[in-house]
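Below is one structure, written out as C-alpha cells; comments come after it.
The values are calculated or read from the model by the stated rules, or taken from the named source; none is laboratory data. What you see is a predicted model, and the numbers here were worked out from it, not measured in a lab. Here the Cβ positions follow ideal geometry from the backbone for every residue, glycine too, while neighbour counts run over all protein chains shown. Accessible surface areas use protein heavy atoms only, side chains included; no ligands, DNA or RNA. Shrake-Rupley method; radii C 1.70, N 1.55, O 1.52, S 1.80 Å.
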Amino acid sequence: MTEDKNEKSGAENLSRRKFIRNSSYAVGGLAVGGVLGSVIPWGTENDDQKQQAGKQIKNYNHALMFFSQAEFQTVQAAAERIFPEDENGPGAKELGVGFYIDHQMAGSYGFNARDYMVPPFFHGEKEQGYQGRLKRREIFKIGLREMQNYSHQKFKKGFTELSEEQQDNVLSDFAEDKVNVTTISASGFFDLLRSTTLEGVYSDPLYGGNIDMEGWKMRNYPGDQMNYTDIIEDDKFHEIEPRSLRDHM
Amino acid sequence: MVKKLPKTDVVIVGVGWGGGIIASELTKQGLNVVGLEKGQERQTEDYYMVHDELRYALRYELMQDLSKDTITFRGNEKMRALPMRQYGSFLFGDGLGGAGVHWNGQTFRFLPYDFNIRSQTIERYGKGKIPTDMTIQDWGITYDEIEPYYDKFEKMAGISGEENPLGGKRSDKYPTGPMKHTPSMKMFKKATENLKYHPYTIPSANLSEPYTNPDGIARAACQYCAFCERFGCEYGAKADPVVTVIPVAKKTGKFDLRTHSWVRRVLHKGGRATGVLYTDVTTGEEIEQPADMVVLTSYVFNNVKLLLNSKVGRPYDSSTGTGVIGKNYAYQVVKGAATGYFDDKKFNTFAGAGALGMVIDDFNGDNFDHTNLNFIHGGYLALTQTGARPIANNPIPSDSPTWGKEFKQNSLKYINQTLSIGAMGASMPYKQHYLDLDPVYKDTFGDPLIRMTYDFRDQDRELAKFTAKKSKEILQEMGADKIDSMEELGPYNITTYQSTHNTGGVIMGADPDTSAVNNYLQMWDMENLFVVGASAFPHNGGYNPTDTVGALAYRAAEGIVKYSKNGGMLA
Ligand SMILES: Cc1cc2nc3c(=O)[nH]c(=O)nc-3n(C[C@H](O)[C@H](O)[C@H](O)COP(=O)(O)OP(=O)(O)OC[C@H]3O[C@@H](n4cnc5c(N)ncnc54)[C@H](O)[C@@H]3O)c2cc1C
Ligand code: SF4
C-alpha cells in the first residue's frame, strides 16, 4: 500500500519527470518538439491550493440557464432515482447532475446543433434512429410536463412529492413505454434522462456535475492522468487519487 | 462567378491517411500537389485538454458535423431511406488527418485468402458454398503483390508488433516491438494457448518505444493514457497523418494544403478529369482547381458521392447487378462477442491504449475448415484494453436493471471486474447492398446525400453466433464467473457504435466490367482519376481496415508517379 501513498503525494512530479524522460526523443526530434514544450508545464501550481486554504467558495455554476425552478426540481429528483445516493457514495443530486443537464440543454447539445435536422421528417424503423423534429431541449420540457401529469394522474401528486417507490414506478412506466404520450416517445425521453444523468455523474467536473470528482472516486476512476506506463503491466489494482482538467490550467 | 486557379500536377480531395500518404509520396517525387480538406487544420497542441470523455467521445468533437452532411439508410429496397441524424454505428472523420487522428491504431494485414477470396473458396469448397447473391470477387492483386506496400505503411507508422503465427508471410519484422502486456492480456494468452490457439499481440500504431521512421520523423512512445480512440494523441505517439506523412509533404515545399475547402464535383471533359470544383466554406466562394491528375481520398461515402454527383463511371444498378459505382458496400460484423464478470479479480481497466490487446486468428479467413459451417470467412477474436472511460463503460450483467439502486451497485462493482472478448467479423458483399444517391435528402450545399442499402444476412448471423460462442469459451477458460454473450445478431442497427470500417463502392479488380478501379486504384473509365481508400475493398476482411488502406495508398502513389511520366492504363 505504500506505493499508493506515493502515487498520491508524488503523482504529479513522478508523471512529469517520466513524461519528460519518455518524450525526450521527440523533444529533440523533428516532428513534435514545439508541442511538447507547451505540454510540459502541465500540472504546475494553480490557484486551487490557495482557494482550498481559504473559506468554502460559492459555486457560481449552480444557477439555471434553461429549466424553470420547478422543472429543475423534477429533473433533479428523477436523476437521483436513476443514480441514487447509497452506501457507496453520493447520488445524482449531490453530484450536481441537475445543473449539468440544465447547462447541456442550454447549449449546442440541447439544440441538436451538430445533428442533421433537415426535413422531411418521417416515422422510421428503430434501426434507423431518431427521426423526430424536436430538439433535445424541447423533448426535455415536454417529457417533464408529461411526467408531472402522469404523476398527478396516477398518484394525485406532483413527481417531486411522490415517495421513492412511486417515483420509480413513474420512471419505469416511461422507460417501458407504458405511458400514453403522443408528441414524444416516453422511452426516448427516459433514455435521454438516463444518458444525461450518467454524463453528469461521470463527466469532468468542468461541466457542472461530478462535483469534486466524487462520481469518479466511487469507482476508483483516476480521471485525467498523464500516463499509466508504470502500472499498465501490474497485477495489483491501483487506487489513484483522481485529477481533472482543472489541474491542467 | 467561379474563380479559376492556376493548374497543378495533382489535386487531392480529403487529407486523412489516404490523402496524406499520396501527398507525401508524390511531393517527394517532385510533383506539385494541392490538398483540399473540408475541415480544419490540426496539430498536437490542440490536445492539451483532450482527456475529456464527454467532449471527444460522446459529443464527437473531432468528427464531421452531421448538420452539414450525413448519409441516409435503409435495410432493404422496400424501405424508405431516412437520414442518419445522429451518430451511432460509425463516425466520419473531418479535418486534417481525418479519422486517422482519432483512430485506435490497431494495424492488421488482411490474409492472403482475402485477396483471392472467390477462387480460393471455390477451390476448397466448390461453387455451391457461395450464395448466388453474394458478390465476392478476387481483388486483382495478391497478398504477395501487396506485401511490400504493407511493409512501407508499417515502417512509416512505426507499427509495434510481433509476428502473426497464422498470417501471410512478412518480408520484414515490425519496426518496433510489441506493446506491454496487461494482466488481462496475459490471461487471454494463457487461455488461448490452453485451447491450442495462436495468440499474438495486436499490431499497434501506438508506439511501444520511441521511433524514427524512414522519412526522419521521430515520435515519442505511447504513455498508455487511455484517451485514444475518438481522441487525438497529445504526445504525438499515435501514428496519425498530422504527425507522420503531412509534415513530410509540407517540408518539400510542393504541398499546397487548403483546409476549409469542400470539394463538390470532379470536373471532366472527353473522358479525362480536368480538376475539381470546391467551395471555400469560410467565404462561400466557389473555386475551380484544374489539375493533370485527380485523387479522391475522401473516405468511402464521399468518394462514391463525388463520383455519382459528378457523373463519373457507371453507376451500379442492383436490379441487374451491372455498373460499378456504389457496388459491394460492406461493413464489419462485430457483435458476436462476449463479456465476462469476475467476482474476485480486479483489473486496472481505466488504463490502456487504443491498440493494446491480444488476438487470435484461428477463426479468421479460411484458417479453419468451413465444410460444415453455414458461412464463409470469419474474424479475429481479441481482448483489448483501451481504457474504460466512465460515462460509456458501465458493464452490468444482462439480467440486471439498467438504472436505480441495483444498477448503481452493480456498475460500481463490475467496472473494474469485467473483461470482454470482441470479434472483428468479416463482411461479405451482396447484390442488394450498395450506395447510391438519395432522391430526397441533401447536404448543406444542396447536393444529394449518399443512400446506404444494407442489412445483416444469414452469413453474418451465423458468423456472429460462431464468434460469440468461441469468445465465450475463451472467457470460460479465463475463469470468468459469469458470462454474457450475443445470442442473436438481429438486424443491422445504425444507432449503436460498431466500427468505422465501411468498405466498397469503388472497388478494385482485374476486370473493368465488375470493378471500378484497377490494382493501382486508377479508374477504368477515367485514367487520370485515382480513387483511394477502403472504397476499393471488394469485401471487408476480418480485421480493421487501415493497414490495407495505407498499403493501397502507397501502391496508388507509385502508380500515379508512373502515370505522370508515361500516361496510360497502369494495369
Ligand atoms: C473511433 C475510430 C477508431 C478506429 N480505429 C481503427 C483501428 O484501430 N484500426 C484501423 O485499421 N482503423 C480504425 N479506424 C478506421 C480508420 O480511422 C480509417 O480506416 C482511416 O482513417 C481512413 O482513412 P481515409 O484517409 O481513407 O479517410 P478519412 O480519415 O475519413 O479521411 C477523409 C478526409 O476527407 C475529407 N473529406 C471528405 N469529403 C470531402 C470533400 N467533399 N471535400 C474535401 N474533403 C473531404 C474528410 O474531412 C476527411 O478528413 C477507426 C475509425 C474510428 C472513427
Ligand atoms: S494511449 Fe498512447 S497512443 Fe493513444 S493517445 Fe494515449 S499516449 Fe497516445
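Summary table
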quantity: Subset of region B:216-262 that is part of a loop (DSSP other than H, G, I, E, B) and away from ligand 2 (no atom under 14 Å from the Cβ) - its residue that is nearest to B:LYS180 (Cα to Cα); calculated: B:ILE217
quantity: Selection from region B:485-513 of residues that are touching a strand residue (DSSP E or B) at 6+ places or on another chain (Cβ under 9 Å) and charged (D, E, K, R); calculated: B:ASP513
quantity: Total residues in region B:1-51, condition among the acidic types (Asp, Glu), more than 17 Å from B:THR259 (Cα to Cα) and touching a residue at least 40 places away in the same chain (Cβ under 8 Å); calculated: 2
quantity: Members of region B:534-571 found to be open to solvent by less than 10 Å² (accessible area, probe 1.4 Å) and of a type in the set (S, T, N, Q), listed by number; calculated: B:SER535, B:ASN540, B:THR548
quantity: Hits in region B:285-305 - residues which are among the small types (Gly, Ala, Ser) and within 29 Å of B:PHE90 (Cβ to Cβ); calculated: B:SER298
quantity: Filter result for A:TYR202 (in contact (Cβ under 8 Å) with a residue 40 or more places away in the chain, closer than 23 Å to B:TYR56 by Cα and either small (Gly, Ala, Ser) or within 7 Å of another protein chain (Cβ to nearest Cβ) (or both)); calculated: no
quantity: Pair list, Cβ under 6 Å, 6 or more apart: region A:179-192 residue at pLDDT 95 or above, other residue part of a loop (DSSP other than H, G, I, E, B) and open to solvent by less than 90 Å² (accessible area, probe 1.4 Å); calculated: A:ALA186/A:ASP177; A:ALA186/A:VAL179; A:SER187/A:ASP177
quantity: Hey, A:ILE211 more than 13 Å from chain B (Cβ to nearest Cβ) and among the β-branched types (Val, Ile, Thr) or not; calculated: yes
quantity: Hits in region B:241-258 - residues which are near ligand 1 (Cβ under 10 Å from one of its atoms) and open to solvent by 10 Å² or more (accessible area, probe 1.4 Å); calculated: B:ARG258
quantity: Any hit, region B:227-238, residues being more than 30 Å from B:LEU54 (Cα to Cα) and modelled with pLDDT of 95 or more; calculated: no
quantity: Members of region B:5-34 found to be open to solvent by less than 10 Å² (accessible area, probe 1.4 Å) and either under 30 Å from A:PRO222 (Cβ atoms) or over 21 Å from the mean Cα position of the chain (by Cα) (or both), listed by number; calculated: B:VAL10, B:VAL11, B:LEU26, B:THR27, B:VAL33, B:VAL34
quantity: Neighbours by Cβ (under 9 Å, 6+ apart or cross-chain): first from region B:267-283, of a type in the set (D, E, K, R) and away from ligand 2 (no atom under 16 Å from the Cβ); second open to solvent by 30 Å² or more (accessible area, probe 1.4 Å) and not in a strand (DSSP E or B); calculated: B:ASP280/B:HIS260
quantity: Test result for B:THR70, within 16 Å of ligand 2 (Cβ to nearest atom) and in contact (Cβ under 8 Å) with a residue 40 or more places away in the chain; calculated: no
quantity: Which listed residue is open to solvent by less than 40 Å² (accessible area, probe 1.4 Å), at the interface with another protein chain (Cβ under 7 Å from one of its Cβ atoms) and not aromatic (Phe, Trp, Tyr), from B:ASP69, B:ASP52; calculated: B:ASP52
quantity: Considering residues of region B:212-240 that are more than 8 Å from chain A (Cβ to nearest Cβ) and over 19 Å from B:TYR48 (Cα atoms) only, the residue surrounded by the fewest Cβ atoms within 10 Å (Cβ to Cβ); calculated: B:PRO214
quantity: Output for region B:159-211, where each listed residue is small (Gly, Ala, Ser), more than 23 Å from B:PHE115 (Cα to Cα) and either modelled with pLDDT under 95 or surrounded by 19 or more Cβ atoms within 10 Å (Cβ to Cβ) (or both); calculated: B:SER160, B:SER184, B:ALA191, B:ALA205, B:SER208
quantity: Region A:218-230, residues that are without any contact (Cβ under 8 Å) to a residue 24 or more places away in the chain and surrounded by fewer than 21 Cβ atoms within 10 Å (Cβ to Cβ); calculated: A:ASN220
quantity: Filter result (within 13 Å of chain A (Cβ to nearest Cβ) and outside any strand (DSSP E or B)) within region B:362-387; calculated: B:GLY387
quantity: Residues satisfying the stated conditions in region A:69-95, i.e. surrounded by fewer than 21 Cβ atoms within 10 Å (Cβ to Cβ) and of a type in the set (Phe, Trp, Tyr); calculated: A:PHE72
quantity: Odd one out for B:THR500 among (1) within 23 Å of B:ASP366 (Cβ to Cβ); (2) open to solvent by 10 Å² or more (accessible area, probe 1.4 Å); (3) within 10 Å of ligand 1 (Cβ to nearest atom); calculated: (1)
quantity: Residues of region B:82-112 that turn out to be more than 7 Å from ligand 1 (Cβ to nearest atom), polar (S, T, N, Q) and touching a strand residue (DSSP E or B) at 6+ places or on another chain (Cβ under 9 Å), as a count; calculated: 1
quantity: B:TYR149 aromatic (Phe, Trp, Tyr) and within 27 Å of B:PRO214 (Cβ to Cβ); calculated: yes
quantity: Top-ranked residue of region B:541-558 - restricted to ones that are of a type outside the set (A, V, I, L, M, F, W, C) and closer than 16 Å to B:VAL531 by Cβ, ranked as farthest from ligand 2 (Cβ to nearest atom); calculated: B:GLU558
quantity: Single residue of region B:523-533 satisfying the filter (assigned to a loop (DSSP other than H, G, I, E, B) and surrounded by fewer than 24 Cβ atoms within 10 Å (Cβ to Cβ)) that is nearest to ligand 2 (Cβ to nearest atom); calculated: B:TRP524
